[in-house]
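Working notes, structure below.
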Amino acid sequence: MELKDKNVEIIEADAKLQKAENRLEELTIKADDLDELITDVSTAAYDKAVKQVTQIVRKETTEANISVIKSYKDWITSDKSKVPEQHRSVAMKILDAVITKIRKSMGMVAEKVLSALHDPAKRSESLKAIQTETKESILERLKQKKVEEDAVNAERKKVVRKSEIEH
């Protein structure tokens, strides 16, 4: 009776192994589908990243530029500057106008950056790089999973063979 149970276990283990191997073949065949998925995901990610990064760069650049101007305004109004009072008020008005211009122009700068990043040649080049890196990463993970599965299957076969030898 024990031998019969072991044979059933062996048959079930072989069936599971065959099923796993068939699934691996299906996944391998679907590599073209993977390429299409990588292309779609990379394109969407690129477009969203470009928009986000452009907005962050615009905001940070504007704040940095305005911070420098405000520091200069603080210096002009301090006693250390030795700028005559009549010149101070004119300088303050000019610097306030510069701040306003910077705030207005940064929208245009952001549009130019977006336009440059969406330039078909630059976009295509960037997407190719993203897709290549993504595909390599996915393939590496698939290889790693296959190695892990092969190790599990080898161990399973070892156990089955050992039980066959014992009976």
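Nearest 10 degrees, 0 to 90: what angle lies between the long axis of helix 2-29 and the longest principal axis of the chain (Cα atoms)?
That helix lies at roughly 40 degrees to the long axis.
Assuming R0 = 45 Å, can you tell me the calculated FRET efficiency for the pair Lys112 and Val152, based on Cβ-Cβ distance, to the nearest 0.05?
Using R0 = 45 Å, I get an efficiency of 0.25.
Express in nm, to one decimal, how much length is gained between Thr100 and Tyr72 on full extension, taking 0.36 nm for each residue of separation and deducting their alpha carbon distance.
8.5 nm
Strictly over 20 Å apart at the Cα level, which of Lys48/Lys112; Lys16/Lys145; Lys16/Lys146; Lys19/Lys162; Lys19/Lys143; Lys16/Lys158 would you flag in this model?
Checking Cα-Cα distances, Lys19/Lys162 exceed 20 Å.
In Å, what Rg and Dmax follow from the Cα atoms of the chain?
When restricted to Cα atoms, the chain yields Rg and Dmax of 32.7, 109 Å.
Which value in nm describes the separation of the simple spin-label points at Glu26 and Glu12, placed 7 Å from the Cα toward the beta carbon?
Using points 7 Å along Cα→Cβ, the separation is 2.2 nm.
Does a label point 7 Å from the Cα of Val53, set along Cα-to-beta-carbon, have any residues of the range 132-162 with amide nitrogen under 19 Å, and which are they?
Answer for this model: 132-137.
Would you mind checking the tilt of helix 85-117 against the longest principal axis of the Cα atoms of the chain, expressed as 0 to 90 degrees and rounded to 10?
Helix 85-117 sits at roughly 30 degrees to that axis.
Within the chain, what whole-number % of the accessible surface is contributed by carbon and sulfur, with the 1.4 Å probe and all protein chains included in the calculation?
Of the solvent-accessible surface of the chain, carbon and sulfur hold 58 percent.
For the Cα atoms of the chain, what angle does the longest principal axis make with the long axis of helix 120-166, in degrees from 0 to 90, nearest 10?
That helix lies at roughly 30 degrees to the long axis.
The values are calculated or read from the model by the stated rules, or taken from the named source; none is laboratory data. This structure is a prediction, so every number in the text was calculated from the model and none was measured. Glycine gets a Cβ as well: all are built from the backbone with ideal geometry, and neighbour counts include every protein chain shown. Quick note on the areas: whole protein, heavy atoms, side chains included, nothing else; ligands and nucleic acids left out. Shrake-Rupley method; radii C 1.70, N 1.55, O 1.52, S 1.80 Å.
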